[in-house]
1. Using the structure shown, decide if I115 is of a type in the set (A, V, I, L, M), at pLDDT below 80 and in a helix (DSSP H, G or I).
2. Please report, ordered by residue number, the strands (runs of 3 or more DSSP E) entirely within the range 555-630 with at least 2 residues that are surrounded by fewer than 21 Cβ atoms within 10 Å (Cβ to Cβ), free of Cβ contacts under 8 Å to residues at least 60 places away in the same chain and not β-branched (V, I, T).
3. Quick one: would you say F79 is hydrophobic (A, V, I, L, M, F, W, C), open to solvent by 50 Å² or more (accessible area, probe 1.4 Å) and at pLDDT 85 or above?
4. Just give me the residues in the range 437-468 being over 16 Å from S310 (Cα atoms), in contact (Cβ under 8 Å) with a residue 60 or more places away in the chain and open to solvent by 60 Å² or more (accessible area, probe 1.4 Å), in sequence order.
5. Taking into account only those residues within the range 525-539 that are surrounded by 10 or more Cβ atoms within 10 Å (Cβ to Cβ) and within 17 Å of R584 (Cα to Cα), which is modelled with the highest pLDDT?
6. Tell me the residue from V382, V398 that is hydrophobic (A, V, I, L, M, F, W, C) and open to solvent by 10 Å² or more (accessible area, probe 1.4 Å), please.
7. Do any residues in the range 125-139 that are under 13 Å from P186 (Cβ atoms) and among the polar types (S, T, N, Q) have Cβ atoms under 8 Å from those of residues that are open to solvent by 20 Å² or more (accessible area, probe 1.4 Å) and modelled with pLDDT of 85 or more, where the two are at least six apart or on different chains, and which pairs are they?
Amino acid sequence: MSLTDFAIWGYALTALVYGGFALYLYAAWRGALVGGCLLFTVLLSGAWALGCLWYAKHPSVVTYLWSSVLDMLRGGGWFAFLLILLRPLLGGAWKRFLAAGIVVFGVQLLGTISIALFLIRDEWGLKLIFGGSLAGAVLGLVLIEQLYRGVPVDVRRTLKPLCMGLGAAYMFELYLFADAFLFGRPTSVIWAVRGPAHALIVPLVAISGARNPSWSLRMSLSREAVFHSTALGLSGLYLLAVSGIGFYVRSYGGEWGQALQTVLLFAALVLLAALMSSSAQRARLRVLINKHLFPYRYDYRAEWLRFTRSLSSPDGQSSLGQSVIIALANLVESPGGVLWLRGSADADYTIQASVNLPKQTGATEPAESSLMNFMRKRGWIVNLEEYRRNPANYPGLVLPDWLASRFPDAWLLIPLTGGAGLIGFVLLSTPRTRFDIDWEVLDLLKTAQHQAASDLERMLAAEDLLEARKFESFNRMTAFVVHDLKNLVAQLSLMLRNAERHKDNPEFQEDMLETVAHVEAKMRELMVQLQEKRSIDPPRVLNLVKKLENVRRARQEQHPGLELDIPLDCSTFMVLAHPGRLERVIGHIVQNAIEATPEDGKVRILLEASGSERVRVVVADTGCGMSEEFIREHLSRPFQTTKSSGMGIGVFETRQYIRELGGEVSYESKKGIGTRVTIDLPLHTRLDSGHEEIKPEENNSGDEHD
């Protein structure tokens, strides 16, 4: 099959497809204007396919002109169909699109008439037809883009097939006529497959018609849609101009024409990419659209969503201060700025963050300066350009010296006012494009700065809370250390009381030296613990029996005496704990029991198994006891004590540490009868093979006096 035969059969098939689709539309038409326009356009498309079929079988000037006229009518029909759909969205702007369509149609008609009447050379007439068709394809793509972006998301599903089909058809037309405009005639292969390509869009249009037979759409105007459509339209016009210049260069450039045309097209594409990627050019276009096409400068819903997204800093790389600068700068097309914050109620305002501006050292603003008092009293946004022109608009304001010398591009000073008053301010640099500050901009900035100040206040409050928690942790650790120091002081006091009677006893002297050395070592450890803010007593595998024996030995001189009840088979009672801390908390419980029990009473430690994986230490006494109310409401709370010299931290530390080991401590007591304290601890289990086992405490000879 030759290429001509393929074109004949292709256009014949296209005519049949459009004819069948027209019958379907006629049967389903309910009298709506949009449906009638679509039916008429489909009939014109079928007629155009027949005209191309006639030209393929009998190529001549007459058949070509007829096919061109039918092509113009077909394109005008689709343009009218899209314009009717878009009219609720475009408002008064639809007249501009109508005027653009009339101009395109006029250029094509002028070329056709010129060829028919031999008014100009055929070459220039074809250029008019191809150029008009190329412009029509660009205009159609702009309308498709406006339609798809303008409808709400819930309605977009019904139009998606139509936009895909017509968008693909216009892209095909763009490629066909761009090639024809550059080389003076369409490529025969592309022209031959044009009919089947347009036939393929019919099912997509039919799907949209089935989803929405009445073609009634609820439109919403989107500034982003207008922005992208305008950018696309300007890009199309730019490419049309470049194509015309390229054709002129190729036609009259002689031997260098084709090379110059290639260089021109490459340079034009590079320039277009640079313009499209330029933030300054995008800002100019956005300001132009908002200023001339909309009654209000901002789409407040979109701006507020963008503002809150900027504040949240989803990338995690910007601090909250930088996010505040970016969020405020985006509202007025500024490239960046600097944030000043006040550290405390009596501090000066210092730089905390900057975006695209250097952090100038020394740019500190006193809290009672003219600028700060003005912002605090008035709450105004200071436009520095306006201030330089007419300072009288800002009565009582005197700008600091560092502002002009260190920030020559300064533009706006925005106060940040929260619940606690003026917490800071933001300086924004000159915008990327000319940006007029009017009442609408000022209102939006004032609202935005209150939100930004609220977020910054929460950040500062969180930092203060974190710092307070660090101090609380340090103070708690200090309380534990002081409690340990109290016990060490008690040991020294006892030694001094006995020194008067036993100072000549060699055994007492030896014991005294040993006690002093032990107290000195413990105090050094406590100092290191305070300085490094961490425990210096690493966990080890401990023999619980040995720890209990150390506790009894340390209190063997006290009354009443301490009884230790240990089962015969106690070799498996190994626990993982800190040697010094475990002995200290058990010793604290025992010491409390001794102090609460008269000399003729009893204090007993019982060690027993608690199941197969736990061990239980019970300290029982026959002392004065405690009430249930005291145990429930006061016993384990810090700084609650009944002793005149106590700190109320020992029981709290005991409970916290036993829970840290995975155990639990409980109290049973009755007034006048005694108290029973039960410590339940998990037994140590061997680590899995391949892991290093913690060395038992018994192998460490230096732990004898913990």
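1. Details: of a type in the set (A, V, I, L, M): yes; at pLDDT below 80: yes; in a helix (DSSP H, G or I): yes.
Yes: the conditions hold for I115.
2. On the way: elements: 562-565, 574-577, 603-609, 614-621.
Once the strands (runs of 3 or more DSSP E) in the range 555-630 are filtered for at least 2 residues that are surrounded by fewer than 21 Cβ atoms within 10 Å (Cβ to Cβ), free of Cβ contacts under 8 Å to residues at least 60 places away in the same chain and not β-branched (V, I, T), what remains is 562-565, 603-609.
3. Criteria not met by F79.
4. Within the range 437-468, K446 is the sole residue that qualifies.
5. The extreme case among them is P539.
6. On the way: V382 fails: open to solvent by 10 Å² or more (accessible area, probe 1.4 Å).
After ruling out the rest, the residue left standing is V398.
7. Between residues of the range 125-139 that are under 13 Å from P186 (Cβ atoms) and among the polar types (S, T, N, Q) and residues that are open to solvent by 20 Å² or more (accessible area, probe 1.4 Å) and modelled with pLDDT of 85 or more, the close pairs are S133/D71; S133/G75.
Table: residues versus (1) at pLDDT 85 or above; (2) under 19 Å from V519 (Cα atoms); (3) out of contact with any Leu (no Cβ under 9 Å at 6 or more places or on another chain).
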site: R555; (1), (2), (3): no, yes, no
site: H559; (1), (2), (3): no, no, yes
site: L562; (1), (2), (3): yes, no, yes
site: D565; (1), (2), (3): yes, no, no
site: C570; (1), (2), (3): no, no, no
site: L576; (1), (2), (3): yes, no, no
site: G580; (1), (2), (3): no, yes, yes
site: R584; (1), (2), (3): no, yes, yes
site: I589; (1), (2), (3): yes, no, yes
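The values are calculated or read from the model by the stated rules, or taken from the named source; none is laboratory data. Since we're looking at a predicted model, the values are computed, not measured. Using ideal geometry, Cβ is built from the backbone for each residue, glycine included, and neighbour counts are taken over all protein chains shown. For the accessible areas, the whole protein counts, side chains as well, though only heavy atoms, and no ligand, DNA or RNA atoms are used. Shrake-Rupley method; radii C 1.70, N 1.55, O 1.52, S 1.80 Å.
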